[in-house]
Amino acid sequence: MNVPLLDLKAQYATIKDEIDPAMQAVMDSQYFINGPEVKELERRVAEYSQCAAAVGVSSGTDALLCSLMTLGIGPGDEVITTPYTFFATAGSIWRSGARPVFVDIEPDTFNIDPAKIASAVTNKTKAIMPVHLFGQMADMDAICAVARDRGLFVIEDAAQAIGATTKGRKAGSIGTVGCFSFFPSKNLGGMGDGGMVTTQDADLADRLAQCRNHGSEPKYYHKWVGANFRLDTLQAAGLIVKLRHLDDWSASRRANAARYNELFADVEEVVTPTVRGDNVMIYNQYVIRIPRRDALQAFLTDSSIGSAIYYPLSLHEQECFSPLGYSRGDFPESERAAGETIALPIYPELTDEQILHVASKVKEFLAT
Ligand SMILES: *Cc1c(COP(=O)(O)O)cnc(C)c1O
């Protein structure tokens, strides 16, 4: 049996008769930039995410960079974030000209440890950028308390967490801004690159929209320098269709996770994901800890089972960030997670047979 890590063709088969006409309508209109679908998607994502406004952008990475630029964060500033995340989180801080300052993670949720944030704040700190990793929100109450005390912005990297909640509040609705990605492998994935910034501040939304279009307002008049961070009309049209299915897909991912948890309940070597009582997780990834992780991945690959390592090297150890002066040992929980975790297939269209097969292959490996 073949079990890929993700099967986008299986998903497309279930919505082809909705997606194709939506894309064709944009082709017929030839309205590729700032078409009405972009505004429509913004309205729907804002509503879905319990936010006052949303601004479509070209990717999750650009959602982060556009937010940093619009908030006036740049050279001489520091932004606190986690070393255990996709590269774009710290990469966008670096590209803004600011300095990424890392804080270690909680070993159970893999999210930034709020208890360690306050001691990383300096008089240069401008923002905290928590990541809602794998689809579970970081401890926003604790993070926002530190930010409020020190007058810092909170930029939620919600790229993996659209629809996730903590105490009933949606990802992207609590910080100064929320940054989403529509990369095809996210729970709400486009037909290419795309992203969104959400906020409760209508004035900030206007400035984000200016930044997205070279800081232009009115057209051809520039008070400040933005960039081309626009979302394509074609992407928006497809995403409007997919958003209608998002809650069903995320519920299927949760059910699949519950099934794995049950199958691994009696397996001592497997540490299944911890979800805090206040949180609803959307399982963009189902990530376990396990001994001999790399050997397990080779075994799964040989058994035609997809898996991935998110992430094999913490960001403070990346070569490009060596000027920041960090070294191995600085963030032990992040480093340990990088060596012990593996993501198993969790996509909504998985069959029970496939889940059983994956779990039994993991157990077979542990018995070797
Ligand atoms: C995917 C992702 C991004 C970047 O999104 P893109 O749309 O690929 O640019 C940023 N942060 C995290 C945590 C992500 O998972």
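Some notes on this structure:
- The Rg/Rh ratio for region 246-366, using Cα coordinates for both the radius of gyration and the Kirkwood hydrodynamic radius, is 1.01.
- When only Cα pairs below 8 angstrom with a gap of at least 6 residues are kept, region 137-224 shows a relative contact order of 18 percent.
- Spin-label model distance (nm) - residue 52 vs residue 302, 7 Å beyond Cα toward Cβ: 5.9
- Per atom type, the chain shows carbon and sulfur on 52% of its accessible surface, probed at 1.4 Å.
- Out-of-range pairs (alpha-carbon distance over 21 Å; input 219/242; 16/170; 186/242; 9/361): 219/242; 16/170; 9/361
- Choice from 44, 328, 336 showing the highest fluctuation, given a GNM over the chain with Cα pairs closer than 10 Å: 328
- Top of 304, 59, 173 by mean-square fluctuation, Gaussian network on the chain, Cα under 10 Å: 304
- Virtual spin-label span in nm between residue 142 and residue 16, 7 Å along Cα→Cβ: 4.8
- Bridge type composition, the chain - antiparallel percent by DSSP, nearest 5: 60
- Table column - 3J(HN,Hα) (Hz), region 164-170, Karplus curve with 6.51, -1.76, 1.60, x for Gly and Pro: 5, 10, 10, 6, x, 9, 6
- Choice from 187, 123, 111 showing the highest fluctuation, given a GNM over the chain with Cα pairs closer than 10 Å: 123
- Theoretical ellipticity at 222 nm over the chain - DSSP helices of four or more residues, -39500 (n - 2.57) apiece, nearest 500: -12000 deg cm²/dmol
- Residues whose amide H falls under 5 Å from that of residue 101, counting only those 5 or more places apart or on a different chain, are 79, 80, 81, with hydrogens built in the peptide plane.
- In order through region 351-368: 3J(HN,Hα) via Karplus (6.51 cos²θ - 1.76 cosθ + 1.60), integer Hz, x for Gly, Pro: 8, 4, 4, 5, 5, 4, 5, 4, 4, 6, 5, 4, 5, 4, 4, 5, 7, 7
- Separation of region 214-264 and region 1-71, taken as the distance between their Cα centroids, equals 5 angstrom.
- Here the translational diffusion coefficient of region 34-119 follows from Stokes-Einstein with Rh set to the Kirkwood radius across Cα pairs; for 20 °C and 1.002 mPa s it amounts to 146 µm²/s.
- In Å², nearest 10: area of residue 146 left accessible to a 1.4 Å probe: 20
- Short-range pairs are left out: with C-alpha atoms under 8 Å and at least six residues apart, the relative contact order of the chain is 22 percent.
The values are calculated or read from the model by the stated rules, or taken from the named source; none is laboratory data. Quantities reported herein were computed from a predicted structural model and do not represent experimental measurements. Every residue, glycine as well, gets a Cβ built from its backbone with ideal geometry; the counts of neighbours run over all protein chains shown. Note: areas computed on protein heavy atoms with side chains; ligands, DNA, RNA excluded. Shrake-Rupley method; radii C 1.70, N 1.55, O 1.52, S 1.80 Å.
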